[in-house]
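Everything below concerns the one structure shown next.
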Amino acid sequence: MDYQNRAGSKFGGGGVASQSATNADRRERLRKLALETIDLDKDPYFFKNHVGSFECRLCLTVHQNDGSYLAHTQGRKHQTNLARRAAKDAQLGRKKEDDGAYTGANAVQVKKNVVKIGRPGYQITKTRDPVTRQHGLLFNLQYPELAPNTVPRIRFMSAYEQKVEDPPDKNFQYLLVAAEPYETCGFKLQAREIERGEGKLWSWFDGDRKEFWVQVTFKTEREERIWKQGLEDATLVEGRPYVLRSRNFLLKR
């Protein structure tokens, strides 16, 4: 720390250090101290983001260089959070491995930066149950470049959850199919009640041919009317509260 070339100080004498100079000197001393005890390659909380800054995953702080991060690790906030984390680990019965890394749910979860390679090929076939006369759709998606040990996943999304079409249309819903490294596919469906009985809603992945199959079956208009009418009539029957327990019947509590 330079005590000589300060404004207002005599040659050879040490002037009064300013607050900023004192803080800079303190950070430099903490950085040198941390370099002797911390290896950034093995630090589970050290993360370099896409803009070149450094983040502390434990304290959720951002630093412009590694020296600032090392000084942060010697500060009170980081040390307090480390103590809280250790106490939580001891309470939950989790312990470290021999190399000092955390295991299981205690490990630091780093978001994957997967490069998307485009949308998969797909085919849609209309179906109809020969017995119940229910309409449905059969989706076939091809994933030839699917990542190893990855199985596509599906999810139904309402019109008010999506951010693509604005304003949302309540008459439609969306079926999402996600599988890395492909983009997530969204299929726009009618906002009809989905039949979730056995053999009505199913998905299957062919690992040899890299194809994913999804079948969606809709309830008939009559079933939907009965279901909606049952919900309306479930409030009070003969002056006593009733609860809808099955598709077509009302049972007492």
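The values are calculated or read from the model by the stated rules, or taken from the named source; none is laboratory data. Worth saying up front: this structure is predicted, and the values here are computed from it rather than measured. Here Cβ is always computed from backbone atoms with ideal geometry, including for glycine, and neighbour counts include all displayed protein chains. Accessible surface is based on the protein model in full, side chains and every heavy atom, while ligands, DNA and RNA are left aside. Shrake-Rupley method; radii C 1.70, N 1.55, O 1.52, S 1.80 Å.
Against the condition closer than 25 Å to Asn23 by Cα, in contact with a strand residue (DSSP E or B) (Cβ under 6 Å, 6 or more places away or on another chain) and of a type in the set (S, T, N, Q), how does Ser68 come out, does it pass?
Criteria not met by Ser68.
When the residues of region 48-67 are narrowed to those that are modelled with pLDDT under 85 and in contact with a helix residue (DSSP H, G or I) (Cβ under 7 Å, 6 or more places away or on another chain), which ends up nearest to Ala24 (Cα to Cα)?
Step by step, filter region 48-67, then rank; the result is Gly67.
So, in region 25-61, exactly how many residues are without any contact (Cβ under 8 Å) to a residue 12 or more places away in the chain and hydrophobic (A, V, I, L, M, F, W, C)?
So the answer is 2.
Taking region 163-210 as the search range and keeping residues that are within 21 Å of the chain's Cα centre (by Cα) and part of a loop (DSSP other than H, G, I, E, B), which one is nearest to Pro152 (Cα to Cα)? Walk me through it before giving the result.
To start, the set of residues in region 163-210 that are within 21 Å of the chain's Cα centre (by Cα) comprises 163-164, 174-186.
Among the residues that remain, those that are also part of a loop (DSSP other than H, G, I, E, B) are: 163-164, 179-184.
Details: Lys163: 22, Val164: 22, Ala179: 5, Glu180: 8, Pro181: 10, Tyr182: 10, Glu183: 11, Thr184: 10 Å.
So the residue we want is Ala179.
Scan region 162-176 and report the pairs whose first residue is within 8 Å of Gln190 (Cα to Cα) and whose second residue is open to solvent by less than 70 Å² (accessible area, probe 1.4 Å) and of a type in the set (Ser, Thr, Tyr), with Cβ atoms within less than 7 Å and a gap of 6+ or a chain change.
Here the result reads Gln173/Ser158, each pair linking region 162-176 to a residue that is open to solvent by less than 70 Å² (accessible area, probe 1.4 Å) and of a type in the set (Ser, Thr, Tyr).
With respect to Gln162, determine if the residue is modelled with pLDDT of 85 or more and open to solvent by less than 80 Å² (accessible area, probe 1.4 Å). Walk me through it before giving the result.
Numbers: modelled with pLDDT of 85 or more: no; open to solvent by less than 80 Å² (accessible area, probe 1.4 Å): yes.
So Gln162 fails the test.
Kindly indicate the residue of region 51-80 that is in contact with a Phe, Trp or Tyr (Cβ under 7 Å, 6 or more places away or on another chain) and open to solvent by less than 70 Å² (accessible area, probe 1.4 Å) and also nearest to Ile38 (Cα to Cα) among those meeting that condition.
Only one residue tops the list, namely Tyr69.
All but one of (1) open to solvent by 60 Å² or more (accessible area, probe 1.4 Å); (2) modelled with pLDDT of 80 or more; (3) within 27 Å of the chain's Cα centre (by Cα) hold for Asp43; state the number of the condition that does not hold.
(1) is the only condition that Asp43 fails.
Does region 140-150 hold any residues that are closer than 10 Å to Glu211 by Cα and surrounded by 13 or more Cβ atoms within 10 Å (Cβ to Cβ), and which are they? Break it down into steps so the answer makes sense when it comes.
Keep residues of region 140-150 that are closer than 10 Å to Glu211 by Cα, which gives 140-144, 146.
Within region 140-150, Asn140, Leu141, Gln142, Tyr143, Leu146 meet the criteria.
Out of Ala83, Ala87, I need the residue that is surrounded by fewer than 12 Cβ atoms within 10 Å (Cβ to Cβ), modelled with pLDDT of 90 or more and of a type outside the set (D, E, K, R). Which one?
After ruling out the rest, the residue left standing is Ala83.
Here are some conditions: (1) in a strand (DSSP E or B); (2) at pLDDT below 85. Asn149 meets all but one. Which one does it not meet?
Asn149 satisfies every listed condition except (1).
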